[in-house]
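Remarks on the structure that follows.
The values are calculated or read from the model by the stated rules, or taken from the named source; none is laboratory data. Everything numeric here is computed off the predicted structure, so don't read it as measured data. Cβ sites come from the backbone with ideal geometry, for glycine too, and all protein chains shown count toward neighbours.
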Amino acid sequence: SQQGEEDPQALSIQEGENATMNCSYKTSINNLQWYRQNSGRGLVHLILIRSNEREKHSGRLRVTLDTSKKSSSLLITASRAADTASYFCATGLFSGGGADGLTFGKGTHLIIQP
Amino acid sequence: DAGVIQSPRHEVTEMGQEVTLRCKPISGHNSLFWYRQTMMRGLELLIYFNNNVPIDDSGMPEDRFSAKMPNASFSTLKIQPSEPRDSAVYFCASSLQGSTEAFFGQGTRLTVV
């Protein structure tokens, strides 16, 4: 069964705008990860946030985590056409927080309009 | 590093035929995962191995599916006999055991007609 559920399923914005995607999960986690998938390609790891962290930045990416609400958000600032992709949140099955048995949501399909 | 290598990239087969998907993980990685991706069900974990040993195969949908990892640099996912509902993109991923990041291959797009 899927642990994470992304929202919205699809998002279309203009280049330069910010894109926000949300993820909800069901059980306790050690960490939560975000991955990107370009069309026809495999998933690529973007960023990880640990359960004792509330916010993390990496370049134009900002991730927040609210363990009380079991939710996370991914913000991409100043979007570019190359950001067009599907974005997935992933949580580990085990409290150790390793990649072992990562479960993914169905993803948010982001389209950046030039 | 060439990354995780999967073959073939595309496979079209007739219902009832045996299909074998192949994966070469990143050298040094000792965890390997097989995922299946469809529009309806998203990305599903089928099975994963640590140090060539299957740890959790609860995601394998049916007995028609089997996976092996005879050594640290090679794994196969076999479907016998294949059915049209097996059509999907199958991904292999690897990681260092205990690491939090998984590295994915490009996937094999399987079409069963």
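In the condition set (1) at pLDDT 95 or above; (2) closer than 21 Å to A:G40 by Cβ, B:L43 is compliant with all but (1).
Yes or no, residue by residue, for (1) free of Cβ contacts under 8 Å to residues at least 12 places away in the same chain; (2) among the basic types (K, R); (3) touching a Gly at 6+ places or on another chain (Cβ under 9 Å):
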position: B:T76; (1), (2), (3): no, no, no
position: B:S95; (1), (2), (3): no, no, yes
position: B:E101; (1), (2), (3): yes, no, no
position: B:L110; (1), (2), (3): no, no, no
position: B:V113; (1), (2), (3): no, no, no
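Checked across the stretch A:34-49, the condition of being touching a Ser or Thr at 6+ places or on another chain (Cβ under 6 Å), farther than 21 Å from B:V4 by Cβ and surrounded by fewer than 22 Cβ atoms within 10 Å (Cβ to Cβ) holds for no residue. Of the strands (runs of 3 or more DSSP E) lying entirely inside the stretch B:1-65, those containing at least 1 residues that are facing another protein chain (nearest Cβ under 10 Å) span B:5-7, B:31-38, B:42-50, B:53-56.
The residues in the stretch B:66-105 that are in a loop (DSSP other than H, G, I, E, B), within 14 Å of another protein chain (Cβ to nearest Cβ) and of a type in the set (S, T, Y) can be counted, and the count is 2.
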